[in-house]
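Okay, structure first, notes after.
The values are calculated or read from the model by the stated rules, or taken from the named source; none is laboratory data. Just so you know, these numbers come straight off a predicted model, no measurement behind them. Cβ sites come from the backbone with ideal geometry, for glycine too, and all protein chains shown count toward neighbours.
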Amino acid sequence: MPSLRELQSGVMRALLDGEPDGAVPLIAARGIAPKHRLDVYANNARTGFIESLISSYPAIRRLVGEDYFRRCARGFHARHPSLSGDLQPAGTKFAQYLSELHGDDEFRYLSEVARLEWLIQETLLAADHGPLDLAKLGLVLPDDYDDLRFHLHPSARLFASQYPCVSIWEANVGSDAEPEMMDLGAAPDRVLLVRTGGQLKCHRLSHGEFRFLRSVQAGERFVAAVESGAARSEADVAGDGETRTFDAAAALQRFVLAGVIVDFQ
Amino acid sequence: MMDNGARSITCAATVSPVPANAGIGPRADIGPRAGIGLRAQHHLEVLSDAPAVAWFEAHTENYFADGGAHVEALGRIRANYPLSLHGVGLSLGSTDPLDTRHLERVRRAVNRFEPELLSEHLSWSSVGGRFANDLLPLPYTEEALRHVSSRIAQAQDFLGRRILIENVSSYLQFECSRMPEWEFVAAVAAESGCGILLDLNNIYVAARNHEFDAQRYLDAIDPRAVQEIHLAGHSAVEFEGQELLIDTHGTPVCDAVWNLYRAAQRRFGDVPTLIEWDTDIPALEVLVAEAAKADALRAEAHALAA
């Protein structure tokens, strides 16, 4: 008699690796071949996994079409099966998988859109948090600001891409209309995603604001975050044709009022 | 032109305002009246229309998130209705170490939503760290009985409360099984101290697939252990002319399962009943009508008995 461990290992190889030889002799045939009986479970496992990807990646599915999405999802499932009793994290590495498939061709942007969709998932499922307590901030002496470490909302996610992924996402989610042709060379994305008041919000950012928020998110002191925001880079000039200066006070005010900066220590 | 302002994006996170009078007053305990499985597409309707549903059962894993629309919705629904949390991912029968991260999340959901009933399945879904995320049957052996009973006891200790364990549908039987499923289920409840969530559709599906008498199954289960009953629909597929029933939860409860429900009333008495529907989910009113049918059958069965 096989041990429970041996039995389970054999069945799992049949379900996830398409190798039923170890499991078939363990199963009573009675009318229907063990292989078919195992296939019912293998199909359930795959279907549940793919449904989870469908709910996490609606824009990718729309962009590539149902058939290719399912083919891709099967390949992804074979390579990266679920590692949890909760299917929500199943698509964690899907963007990486798409970049392995399409890293060098004209569909390179797909993995970038997938990366955005995963961040959107994270934003939608993150903890709630109220706005910053302005009275508490009012008690801080101006000289002490430099040493403050601000906290972003738990749902805040920064996203930058050379492709206009946010526009691509918007055009492919929530509307049945055929999306228009898109210029992949249009303005690249630099955005902050956050969920406030039950709504997903997308803030477009200048280079300076992006670097500032990245520093804040990394837990750096305010003075260091401001330095990051103000640091000049070629992108500031070349990116959208105009030179910007980073206004720390304006940035702080904007992100506090928007519920992006929610606390400090 | 650079759009520097925030833009609100249409997405599932949006929660419509709920009228202040929503709800059905203070919640009561789960009684014998039939409840329905809560699915995300019905959240807003339940919140805005406050339908007359006796209680709801939600899949625990669907509310594992730190926050967001679903967690918020369940919190508000829970304020107005009795609730059961029903797990599908704990993999209690697995020979991997018990997943304490998963259990920790269950505990968090229990602390958050304070369900009256808490349940999981008598199955396994993972080994070697890989998950099929399906309810796989155990072999009915002494080894599996000892193993799964100790895991259920471990989970109950961790959660600090008794849980109900549901019998699953099955499409295969293991050659090494040494006892019928009903003996296994009864023994697990006796050994681990768990309650039983008896899924009558699963019994029917297994009985048809493995050619046994469903009544024998009911007769083997201790009435004191049964604390919840599930009703659902199934589908059939054919392999080389042989029919195999599949537990799809995507159709109305069939007549044979309603008959089993009548028999269950006679043996188990008034036990909370749940209508489950997981694929091709219909309008809420269809589920409410199925629950009403269960209530009518139960009243009829008890009138006959009296």
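Would you check which residues across region B:74-91 are more than 10 Å from every other protein chain (Cβ to nearest Cβ) and of a type outside the set (Val, Ile, Thr) and list them?
B:Leu74, B:Gly75, B:Arg76, B:Arg78, B:Ala79, B:Asn80, B:Tyr81, B:Pro82, B:Leu83, B:Ser84, B:Leu85, B:His86
Taking region B:289-306 as the region of interest, how many residues are of a type in the set (A, V, I, L, M) and under 17 Å from the mean Cα position of the chain (by Cα)?
Residues meeting the conditions: 2.
For B:Ile281, state whether it is within 16 Å of the chain's Cα centre (by Cα) and of a type in the set (Val, Ile, Thr).
Answer is yes for this residue.
I'd like the full set of residues that are within 7 Å of chain A (Cβ to nearest Cβ), among the small types (Gly, Ala, Ser) and farther than 17 Å from B:Pro97 by Cβ, limited to region B:110-153.
Matches in region B:110-153: B:Ala132 only.
If you go through region A:1-31, how many residues are facing chain B (nearest Cβ under 7 Å), closer than 25 Å to B:Glu240 by Cα and of a type outside the set (A, V, I, L, M)?
1
Given the options B:Ala236, B:Ala294, B:Ala263, name the one that is among the small types (Gly, Ala, Ser), surrounded by fewer than 19 Cβ atoms within 10 Å (Cβ to Cβ) and either in contact (Cβ under 8 Å) with a residue 60 or more places away in the chain or part of a helix (DSSP H, G or I) (or both).
After ruling out the rest, the residue left standing is B:Ala263.
Could you please let me know if B:Glu175 is under 27 Å from A:Pro2 (Cα atoms) and either within 16 Å of the chain's Cα centre (by Cα) or away from chain A (no Cβ under 13 Å) (or both)?
Considered against the rule, which asks whether it is under 27 Å from A:Pro2 (Cα atoms) and either within 16 Å of the chain's Cα centre (by Cα) or away from chain A (no Cβ under 13 Å) (or both), B:Glu175 comes out as no.
Only one of A:Asp144, A:Asp128 is surrounded by fewer than 21 Cβ atoms within 10 Å (Cβ to Cβ) and part of a loop (DSSP other than H, G, I, E, B); which?
Going through A:Asp144, A:Asp128 in turn, just one is surrounded by fewer than 21 Cβ atoms within 10 Å (Cβ to Cβ) and part of a loop (DSSP other than H, G, I, E, B): A:Asp128.
Just the residues that are among the acidic types (Asp, Glu) and either surrounded by fewer than 21 Cβ atoms within 10 Å (Cβ to Cβ) or at pLDDT below 95 (or both), please, taken from region B:74-105.
Selection gives B:Asp96, B:Glu104.
Go through (1) within 20 Å of the chain's Cα centre (by Cα); (2) surrounded by fewer than 20 Cβ atoms within 10 Å (Cβ to Cβ) one by one and return the number of the condition B:Tyr217 breaks.
Against the list (1) within 20 Å of the chain's Cα centre (by Cα); (2) surrounded by fewer than 20 Cβ atoms within 10 Å (Cβ to Cβ), B:Tyr217 comes up short only on (2).
Within the group B:Leu85, B:Leu38, B:Leu92, which residue is touching a residue at least 24 places away in the same chain (Cβ under 8 Å) and more than 16 Å from B:Trp277 (Cα to Cα)?
After ruling out the rest, the residue left standing is B:Leu92.
So which helices (runs of 4 or more DSSP H) stay within region A:30-79 end to end and still have 1 or more residues that are touching a His at 6+ places or on another chain (Cβ under 6 Å) and either buried (at least 20 other Cβ atoms within 10 Å of the Cβ) or in the same structural domain as A:Arg13 (by TED's automatic domain parsing) (or both)?
Because the criterion is at least 1 residues that are touching a His at 6+ places or on another chain (Cβ under 6 Å) and either buried (at least 20 other Cβ atoms within 10 Å of the Cβ) or in the same structural domain as A:Arg13 (by TED's automatic domain parsing) (or both), the helices (runs of 4 or more DSSP H) in region A:30-79 that meet it are A:34-56.
I need the strands (runs of 3 or more DSSP E) fully contained in region B:163-232, keeping only those with at least 3 residues that are farther than 30 Å from B:Pro282 by Cα.
Correct list: empty, since no element meets the threshold.
Looking only at region B:225-243, which residues are farther than 20 Å from B:Asp280 by Cα and over 19 Å from the mean Cα position of the chain (by Cα)?
Result: B:Glu238, B:Phe239, B:Glu240, B:Gly241, B:Gln242, B:Glu243.
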